[in-house]
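The values are calculated or read from the model by the stated rules, or taken from the named source; none is laboratory data. Computed from a prediction, not measured in an experiment: that's the story for all the values here. Neighbour counts are summed over all protein chains in view; Cβ atoms, including those assigned to glycine, are modelled from backbone coordinates with ideal geometry. Just the protein is used for accessible areas: all its heavy atoms, side chains included, with ligands, DNA and RNA removed. Shrake-Rupley method; radii C 1.70, N 1.55, O 1.52, S 1.80 Å.
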Amino acid sequence: MAYRTDALFRDDAYLRTADAVVVAVNDRGGIILDRTIFYATSGGQPGDTGTLERADGSLIAVAATITGETKDDIIHVPPPEQAVPEVGEPVKLALNWQRRHLLMRMHTACHLLTVVCPFLITGASVSEDDSRIDFDIPDAGFTREDVTARLMELVRADHPVLVRLITDEELAANPGLVKSKNVRPPVGTGKIRLVCIGENASIDSQPCGGTHVKSTGEVGEIHIGKIEKKGRENRRFRIRFGPMPPA
Ligand SMILES: [Zn+2]
């Protein structure tokens, strides 16, 4: 069966701890809570890791967070051989915040790359030290130096990053908001989460369920590691933290 966990990270990506109650433990040991700060793997962003603290102070590790039947069905996966909590038991959640914050910075950097390279996206993957986006373009004509310079202009401008909810009808009236070639945001729930960059979304807006930093300055220094040719009409851009190393 599918559960509905209150996904606290959608309203506040900066929550590092929270209290919750165990709602269920599935037959593979996955733990379902009434509410969570753990983002579940989706849309190219990996799920969170961290700990659940029991009333006696002992810790249950969370090695991965995944979704079940729906995006609201969030499953905390402990490594093998862990103690299993009881249904109804209160637990204190703590994120591996250092990792999550790197993912928030990287994920936001990916949005900035779609501003600099406004082409249809065929794939994306975020990790804490390297991310990639594949664009449906025959030849970018970009150099990694140019793209890095334009990304860093957006970072230094420290534009706000805000979430706005729109209706299915608003999305249908603005098909240009969707930048993915193959993936469409889920419709039918009445609300679509739009991630906007800049005052009045002047820089960008696109549907996204991930976690982001609150302003582009917090992304910090990034550079394009590589632009690779992946097929005739596909270019893969890699983003890394830090200054661009000398060629
Ligand atoms: Zn996003």
Exercise for review: Could you check the simple spin-label distance between Tyr14 and Ala63, using points 7 Å along Cα→Cβ, in nm with one decimal?
Suggested key: 3.3
Revision key, fill the gap. Length gained, Asn234-Arg28, 0.36 nm per residue minus C-alpha separation, equals 70.3 nm
Practice item. Give the carbon-plus-sulfur fraction of the accessible surface of the chain in %, rounded to a whole number; probe 1.4 Å, heavy atoms of protein chains only. Key: 52
Check your understanding: Between Arg99 and Thr41, what FRET efficiency follows from the Cβ-Cβ distance if R0 is 22 Å, with the result rounded to 0.05?
Key -> 0.95
**Study point:** Rounded accessible area of Arg150 (nearest 10 Å², 1.4 Å probe)
**Key:** 110
Check your understanding: Total Lys pairs in the chain closer than 29 Å by alpha-carbon, pairs eight or more apart in sequence or interchain only?
Key -> 18
Exercise for review: Return the inverse of the average 1/r over all pairs of distinct C-alpha atoms in segment 105-247, which is the Kirkwood hydrodynamic radius, in Å to one decimal.
Suggested key: 15.6
**Study point:** Cα gyration tensor category, rounded, prolate or oblate, for segment 199-247 with a/c compared to 1.5
**Key:** oblate
Check your understanding: Once the mean 1/r over all distinct Cα pairs of the chain is inverted, what Kirkwood radius in angstroms do you read off?
Key -> 19.1
Review point. Cα centroids of segment 162-218 and segment 39-99: how far apart, whole angstrom?
Key: 27
**Study point:** Accessible area per residue in Å² at 1.4 Å probe, computed on segment 13-101
**Key:** 48
Check your understanding: Averaged per residue, what accessible surface does segment 131-247 expose to a 1.4 Å probe, in Å²?
Key -> 54
Revision key, fill the gap. Heavy-atom accessible area with a 1.4 angstrom probe orders Lys179, Lys230, Lys71, most exposed first, as Lys71, Lys230, Lys179
Practice item. Calculate how large, on average over all directions, the projected area of the Cα convex hull of segment 156-223 is; give the answer in nm² to one decimal. Key: 5.3
Practice item. Two decimals is fine: what is log10 I(q)/I(0) at q = 0.14 Å⁻¹ for segment 1-47, from a Debye sum with one equal scatterer on every Cα and no solvent? Key: -0.37
Study note, to complete from the structure: Protection proxy (average C-beta count within 10 Å per residue), highest first, orders 72-85, 102-115 as 102-115, 72-85
Review point. Do you know the relative contact order of the chain, to the nearest whole percent, from alpha carbon pairs under 8 angstrom that are 6+ apart?
Key: 19
Check your understanding: Asp12: net charge of surrounding residues, Cβ under 13 Å, Lys/Arg +1, Asp/Glu -1, itself excluded?
Key -> +3
Exercise for review: List, largest first, the extents of the alpha carbons of segment 1-90 along their principal axes, each in whole Å.
Suggested key: 34, 27, 21
